[in-house]
Structures are given as C-alpha cells and as structure tokens.
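Only one structure is covered here, and it is reproduced in the block below.
Where a number appears in this text, it was derived from the coordinates with a stated rule and is not lab data. Note that this is a predicted model, so its numbers are computed, not measured. When we count neighbours, we look across all protein chains shown, and the Cβ atoms used for this are built from the backbone with ideal geometry, even at glycine.
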Amino acid sequence: MSTSTLTRRAMIKGSAGAFLAAAVSMNAAAANDWRIDAVHRWDDSFELVIVGSGFAGLATAYQAQKEGIKRILILEKMEAYGGNSALCGALMCMPLTKMQKAKGIKDSPELLVADMLAAGRGFNHVELTRTLAENAHKAYDMLVACGVEFQDKVIRLGGHSAPRAHLPKIPSGGSIVVPMHKYLRARGVEFHNRCNVIQLVQNTDGRVEGVVVQDGYDWHSGTFKAVKTIQSELGLVVATGSWGQDHEFVAATMPAYEDLECTSQPGSNATMIKALLSAGALPIMLDMYQLGPWSSPDEKGAGPGSFFADYAFAEGIAIDPTTGARFMNELADRRTRAEAQLKVLAKGNKEKPNYPFCFCSEETASHAEGFKAAYREGTVKRSDSVESLARLHNTNAEALKASIDEWNAIVAGRKKDPFNKPLDVKTTLKPPFFSLRLSPKLHYCMGGAGITTRAEVVSAQTCRPIPGLYAAGEITGGVHGMDRLGGCSSVECLVFGQIAGHEIAARKAQIIKESLS
C-alpha cells in the first residue's frame, strides 16, 4: 500500500495506514472528504493511465500504443466497459472517408464546420470544431483497423448539409467498443473495472502525475474495498463522458432541467468534472445541455424507438395533436426540434398531455434501424388508416389527412415544403402507418473542461495547459457550442482521443531525445 500523506478537510488528520484500513467500510461520500497531498510511493505505475473506457479512452489507447507507448492502463468505474459509448447508436458523421468518397457524395470538413457552427449558435470554440472536422476521416480508418464493420450506406442526419453518417453493421456502440477492446487487449493494454477515480494527484509544480482511486467500487452502494494511488508517468487522459444522471449537479447548473429524464448510463455522475475543476481546469458552459428530440415517453432512456425516429423524421412527418399539422422541419438540428416539441408539449398538462408524434409508412419501417424492437416493445404502434392514427394520438382526422396529402404533394414535387426539409429519400405516406410519441430528454452535456486543439486541459488560473493533463470527449466543452449535431459526439471522442494518445507519445519521444542529448 501507499505511504501517501493524507489529510482530511474536516476535523482530524490521520495516518495513511489508518485511512486505508478504514476504506473498506467507508462510503463514497465520506471518502471524498479526504485528499492526498503528496505521494511518496505509488501503489502502481504506468506510462499512461486513461480514465474512462468509452470511445475517447479507447481511441487514446489505440493511438498511444500505435506510436510506441507500452504500459497503458484504462480505468472504468462501472462493472461493464464502454460507458455511454456502448449504449449509443454509433452513427458517426465523418466527411471524406473512403466510403463517402466511393459513393460520390460531395462533402468537406468546411461544410461540416459550417453545420456545427449553425447548430452551436456560434458558441463553438471554432479551432476545436475545425480539428474535429479535419481529422474525422482518420477516426474511420482507425475503426476499420480495429475490425469494426460498417454498413454499405451513408445517411443524412438532422442539421447536416450532406449524407455523412456512417453506421456499424449492427447500429450500436457495442459494435465499436467490443472490437476496439479486443484489439487493444491483444496488444497489451490493461483494463481495470470497478475502479472509481476520486482525485487527480498534482506535484508542487502543478503537473498531474496520477490518480487516487477507490478500488473494488460498487456504484449501487457507493462502497469500495481499498484506496490506491496510480502513477501515470507521461500524462493522464480523462475520458469519462457526461454527468447527466447527477441530478444534483444538473439542478445546480440548469434548474429548468432538474426533473428531465436522462438517456445516459446510470453511472454518469459529476465525480470527474469536479475532480478536473479541483485540479484547476477551466470550466466551459457547464449550464448547457442538449435535449434529444427523438426521445419517447414510452421507453426508458434512448431505446430502439430513438433509432426508429431518425428514419421517421427523414421519410415521414411529425404532428402537433392539437392542430393535426406539422410544426417543424423534422431534419433540423436537435435544439431546433427539441424546442419545437417543448412548445407542443406546453399545450397539454399532467392530466391531459399533448405529446407530439412522428410517423412513417411501412416502406420506411421495413428498413428503419430499431423498428422491430421498438414495435415489439410497444413504443412504436401500427395504425391501418388515417382515422385510427388520429384516434391513437387524439388528433383531428381531417386535419391529419390534409397534412398527409400535403406531404405527399411535396414528395411528388407538386408543392414546396414550407419547412424546407431536405429529401434524400422520397417516400409517400400511406397506410399502414407506424408512429412514435415524442418527448425530449436530457441527452448530452454541452459544457465541460476547456481543452486546446492538442487535447490539453486548460488552467482557469493561467488559461494555459495544465502540465500532464489531457481530456477528450463529452467531459470537455467548446467543440459543439450551445448544441451539437447528431453523429458528431462519437467522432469528437475518437478524434480527440487519438490526438491525446499522439501527444502522450510525443512527450515520450521528447523525453528520450532530451536524455540522449
């Protein structure tokens, strides 16, 4: 065990031995009252420690290992690896990939940047946005190298000016996490789960040298078996994702969202953003959150219905039950759609809710990802006529029929769409219809720790990088601005993870060069 110097913030000081002996029965809240001020002997040491086993952490390990880092450890708080990345739909919007080029799709990093700035309402840190767009194709090449299999299609998501969303063979984050995990294990990368990081350890010069962890952590109870210190010789990378399930932190930063359901995995709390802030990280837009416009009140989190909704939005329409009419561009950016849905919901109340709904024809449902599961679970429902669809959603049948007729005229080219929705696939609406009720859920933390284009965490005191500290993915802020486009968060994780891994390898090369000079 470590002979670290430990101090308690309140009341008493204790020896390392007394603290570690008590750690077995101590809960997480009590443990957070302790801090390690100095480490005299580490319990374990690696060249690189990565906190978080999702896309960002895996991409970091991939690039670092590829460039010569030998001893790499990935820490995961939960029992299962992958975090939110394993649960997502894994649609990845990447311009200029080999697949996109082969399909003759005209696109560019500049066009993606323009789309992201529009969605982010200009709050983006533009150099970070540009870094993502220009390096996205490298992430595609990395995934292929790790054995990820892609479907032979590229689709358009809401707010994008071109089809650029790539889908793994089975549209789930597990289709990426699992092959990357296997690839890295085969090359000596170590993984350690049920390991909750509670502190970043800095030396007297402020350089981050390692972490304090609760080993054998049980997120259900907050208990753990031991407290240990782990050194990261070349630098530490934090890639832990969101804090959307931390209702206390969400309420403190954005009270209006306090009661919203969240789509994130249950362990998504604010422990690591707090650790970064305690280490001096610059906070960026911590009160900004994204709501998922494809969410349904009829399933928990973001289930298969959310995948189906993307297809219903693209090839069908969304309706306000009070009017029986469309109320938005179904392929607008996420914030625009979520805000439009909230206005529709505001027309109802708890006793008589007014859920907007989207629907499509069987022609769309037959190829929509998530349809079979969502239909089986009852989230998506079938209606064999306009009248039955109207009864299901408590709307006027004549008004609904007029909306369907108008849409079909738009598809046929006889009428201009008043919402200017792009039509990559022109599908006529006819029965049977398949519909989904809509209600936005908290989906993504837009803010986080400030970083440079080299994935270095920025100090709030100096506005310069904190030595030895890097971060990638949703734990960071600025890439997307006020709101993000679908299919861009996965790419952010992969791109900045690769950059962080490269920077760690570059530091090793510099140390070797200096030692030889």
Angle in degrees between helix 109-119 and the longest Cα principal axis of the chain, rounded to the nearest 10: 80 degrees
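If you restrict to DSSP beta bridges whose two residues both lie in region 58-200, what percentage is antiparallel, to the nearest 5?
60 percent
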Tilt relative to the chain, helix 55-66 - C-alpha long axis, 0 to 90 degrees, to 10: 50 degrees
Three principal axis lengths of region 243-353 [C-alpha, angstrom, descending]: 52, 30, 23
Structure-derived P(r) over Cα pairs in 10 Å bins from 0, in percent: which label, when the choices are [x] 3, 15, 22, 23, 18, 10, 5, 2, 1, 0; [y] 4, 17, 27, 27, 18, 6, 1, 0, 0; [z] 4, 19, 28, 24, 14, 8, 3, 1, 0: [z]
DSSP beta bridges in the chain [antiparallel fraction, %, rounded to 5]: 75 percent
Hypothetical label at Ala252: residues of region 286-322 whose amide nitrogen lies under 15 Å (7 Å Cα-Cβ projection): 286-288
Within region 43-81, backbone nitrogen closer than 18 Å to the virtual label 7 Å beyond the Cα of Asp218 toward Cβ: 77-80
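Using a Förster radius of 60 Å, what is the FRET efficiency between Asp44 and Ala402 based on their Cβ-Cβ separation? Nearest 0.05, please.
0.30
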Value of [θ]222 nm, deg cm²/dmol, for the chain, DSSP H segments ≥ 4, -39500 (n - 2.57) each, nearest 500: -10000 deg cm²/dmol
Reachable aspartates and glutamates from Lys508, criterion Cα separation under 16 angstrom, eight or more residues apart if same chain: Glu47, Glu67, Glu209, Glu233, Glu456
Estimated distance in nm for a label pair at Asp384 and Ala80, the labels positioned 7 Å out from Cα along Cα-to-Cβ: 3.8 nm
Relative contact order computed over the chain (Cα-Cα under 8 Å; 6+ residues apart), in percent: 23 percent
Simple spin-label estimate for Ala226 and Arg454 in nanometres, 7 Å along Cα-Cβ: 3.7 nm
Helix axis angle, 489-516 relative to the chain longest principal axis, alpha carbon, degrees: 20 degrees
Percentage relative contact order, region 323-434, counting C-alpha pairs under 8 Å, at least six apart: 37 percent
Relative packing of peptides 314-320, 272-278 - highest average C-beta neighbours within 10 Å first: 314-320, 272-278
Given Lys66/Lys169; Lys350/Lys381; Lys70/Lys228; Lys77/Lys274; Lys70/Lys138, the pairs whose alpha carbons are separated by over 18 Å: Lys66/Lys169; Lys350/Lys381; Lys70/Lys228; Lys70/Lys138
Extension gain, Ala412 back to Asp152 (0.36 nm per residue minus Cα-Cα distance, nm): 90.9 nm
Spin-label pair Asp287/Glu377, simplified geometry with 7 Å Cα→Cβ offset, distance in nm: 3.4 nm
Theoretical gain in end-to-end length, Asn420 to Leu342 [0.36 nm per residue, Cα-Cα removed]: 26.0 nm
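How long is the gain from Ala325 to Glu190 if the chain were fully straight, where each residue apart is worth 0.36 nm and the alpha carbon distance is subtracted?
Result for the pair: 43.1 nm of gain on full extension.
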